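Each remark here refers to the structure printed beneath this line.
The values are calculated or read from the model by the stated rules, or taken from the named source; none is laboratory data. In this text, all values refer to a predicted model and were calculated from it rather than measured experimentally. Methodologically, a virtual Cβ is constructed for each residue, glycine included, from the backbone with ideal geometry; neighbour enumeration extends over all protein chains shown.
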């Protein structure tokens with residue numbers, strides 16, 4: 001393989017380049033494709049896959065989290081990101097710099113996976129947690145506003161996020177583009193053997209219907225587990241309700257929910273798995289994924305479930321809901337605050353469980369057709385086209401507003 005030593009380099013500032021989180025998978029895909037096409041790439045990050053660190057065209061700038069603090073880590077990432085970007089651009093003026101949201105203020109490409117201005121839910125868990133959350137949120141919003149108002153190009157993960165970029169920050173619509181996330185090629189439909197093995201691993205009877213919730217359990221209730229818990233209590237009070245719930249996700253509120261489940265006497269109907277590094281395996285045992293989120297820029301967990309052939313019930317406001325067809329309205333939760341509505345939708349789903357699985361087959365095939373490589377290709381194509389247009393027009397960078 002020949003190496004183009006004169007290729008214009010890219011700089012990507014991101015929290016992670018690995019397969020353990022949605023935006024991390026997206027940034028990993030972009031980095032991998034750039035290296036595949038022989039583009040020298042600088043990665044400023046807290047965590048990167050070993051094969052990136054060992055690649056001859058990749059320069060990985062590792063950034064530690066002081067005192068293991070997320071907030072201090074964000075500050076350190078921003079400082080290092082600017083330093084690396086300045087060094088690269090001073091040598092290569094046409095180098096492409098990609099940041100994620102407010103993690104680094106730079107007049108380049110901003111890949112937005114989350115809008116802090118769109119969600120600031122209730123803070124619980126004691127005054128220390130509340131204070132820490134308030135400080136982090138203030139920092140995130142301030143950085144986000146400054147970074148997006150300075151961006152030359154904004155790429156988002158959903159049309160919902162694109163609208164919010166325009167609405168909250170006044171970015172011209174012509175500078176905002178949507179690129180949907182892809183999927184790992186190994187996330188295909190669950191085979192009968194996979195289902196059997198997963199259920200044996202989780203000690204679940206083959207005849208027992210199983211719903212799965214995948215998401216962090218935080219005190220801000222953004223993922224909506226509190227509403228799902230209330231709905232599940234209602235359902236379990238009915239003798240005919242025979243489904244169990246698996247919860248794959250850790251977080252600061254995990255022990256609180258463990259206590260609530262114990263107090264409600266639902267230990268045999270709701271199982272908290274904690275942080276789970278093998279969600280793919282958990283989904284193999286599922287008949288339904290439930291995601292009653294209050295805010296979700298996209299919802300990769302929903303997409304991954306559908307790619308596995310598992311029907312998914314999600315809030316209509318989530319970005320991933322844009323992918324649903326009109327006939328799937330019963331699987332879209334109109335009011336994520338309403339436990340009664342969620343319970344009713346689940347009651348309607350139960351007798352049609354097998355029919356819904358069949359109805360999701362074409363939807364699953366459509367989502368599986370789009371890989372992470374497609375996401376990276378679309379991203380780079382938009383960047384290249386916008387760069388040519390702005391160079392021709394000599395468009396100046398927007399001014400940051402702090």
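Could you tell me whether any residue of region 292-305 is at pLDDT below 95 and on the phi > 0 side of the Ramachandran plot? Walk me through it before giving the result.
Residues of region 292-305 at pLDDT below 95: none.
The answer is no; no qualifying residue exists.
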(message) All but one of (1) at pLDDT below 95; (2) under 20 Å from residue 26 (Cα atoms); (3) assigned by TED's automatic domain parsing to the domain that holds residue 214 hold for residue 384; state the number of the condition that does not hold.
(response) (3)
(request) Give the residues of region 12-23 that are in contact (Cβ under 8 Å) with a residue 12 or more places away in the chain and farther than 15 Å from residue 59 by Cα, sorted by residue number. (result) 15, 18, 19, 20, 22, 23
(message) I'd like to verify a number: residues in region 331-348 that are more than 13 Å from residue 290 (Cβ to Cβ), touching a strand residue (DSSP E or B) at 6+ places or on another chain (Cβ under 9 Å) and surrounded by 14 or more Cβ atoms within 10 Å (Cβ to Cβ), how many?
(response) 1
(message) Here's a check for you: in region 43-73, which residue that is on the phi < 0 side of the Ramachandran plot, free of Cβ contacts under 8 Å to residues at least 60 places away in the same chain and assigned to a helix (DSSP H, G or I) is surrounded by the most Cβ atoms within 10 Å (Cβ to Cβ)?
(response) 52
(request) Give just the number: which of (1) more than 21 Å from residue 312 (Cβ to Cβ); (2) over 25 Å from the mean Cα position of the chain (by Cα) does residue 252 not satisfy? (result) (2)
(message) Among the listed residues 265, 251, identify the single one that is touching a residue at least 12 places away in the same chain (Cβ under 8 Å) and farther than 23 Å from residue 306 by Cβ.
(response) 251
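Kindly provide the set of residues from region 200-216 that are surrounded by 15 or more Cβ atoms within 10 Å (Cβ to Cβ) and touching a strand residue (DSSP E or B) at 6+ places or on another chain (Cβ under 8 Å), ordered by number.
Let us first name the residues in region 200-216 that are surrounded by 15 or more Cβ atoms within 10 Å (Cβ to Cβ), namely 202, 204, 209-216.
Of everything in region 200-216, those that are surrounded by 15 or more Cβ atoms within 10 Å (Cβ to Cβ) and touching a strand residue (DSSP E or B) at 6+ places or on another chain (Cβ under 8 Å) turn out to be 202, 204, 209, 210, 211, 212, 213, 214, 215.
Would you call residue 84 in the same structural domain as residue 173 (by TED's automatic domain parsing), at pLDDT 95 or above and under 19 Å from the mean Cα position of the chain (by Cα)? Write out each step before concluding.
On the way: in the same structural domain as residue 173 (by TED's automatic domain parsing): yes; at pLDDT 95 or above: yes; under 19 Å from the mean Cα position of the chain (by Cα): no.
Against the criterion (in the same structural domain as residue 173 (by TED's automatic domain parsing), at pLDDT 95 or above and under 19 Å from the mean Cα position of the chain (by Cα)), residue 84 does not qualify.
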(request) Read through the list (1) surrounded by 19 or more Cβ atoms within 10 Å (Cβ to Cβ); (2) within 19 Å of residue 287 (Cβ to Cβ); (3) in contact with a helix residue (DSSP H, G or I) (Cβ under 7 Å, 6 or more places away or on another chain), then give the number of the only condition that residue 232 fails. (result) (3)
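Answer with yes or no whether residue 368 is over 17 Å from residue 303 (Cβ atoms), surrounded by 17 or more Cβ atoms within 10 Å (Cβ to Cβ), modelled with pLDDT of 95 or more and touching a helix residue (DSSP H, G or I) at 6+ places or on another chain (Cβ under 7 Å). Full working, then the answer.
On the way: over 17 Å from residue 303 (Cβ atoms): no; surrounded by 17 or more Cβ atoms within 10 Å (Cβ to Cβ): yes; modelled with pLDDT of 95 or more: yes; touching a helix residue (DSSP H, G or I) at 6+ places or on another chain (Cβ under 7 Å): yes.
When the stated conditions are applied, residue 368 does not pass them.
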(message) Just checking, does region 311-331 include any residue being within 23 Å of residue 194 (Cα to Cα) and without any contact (Cβ under 8 Å) to a residue 24 or more places away in the chain?
(response) no
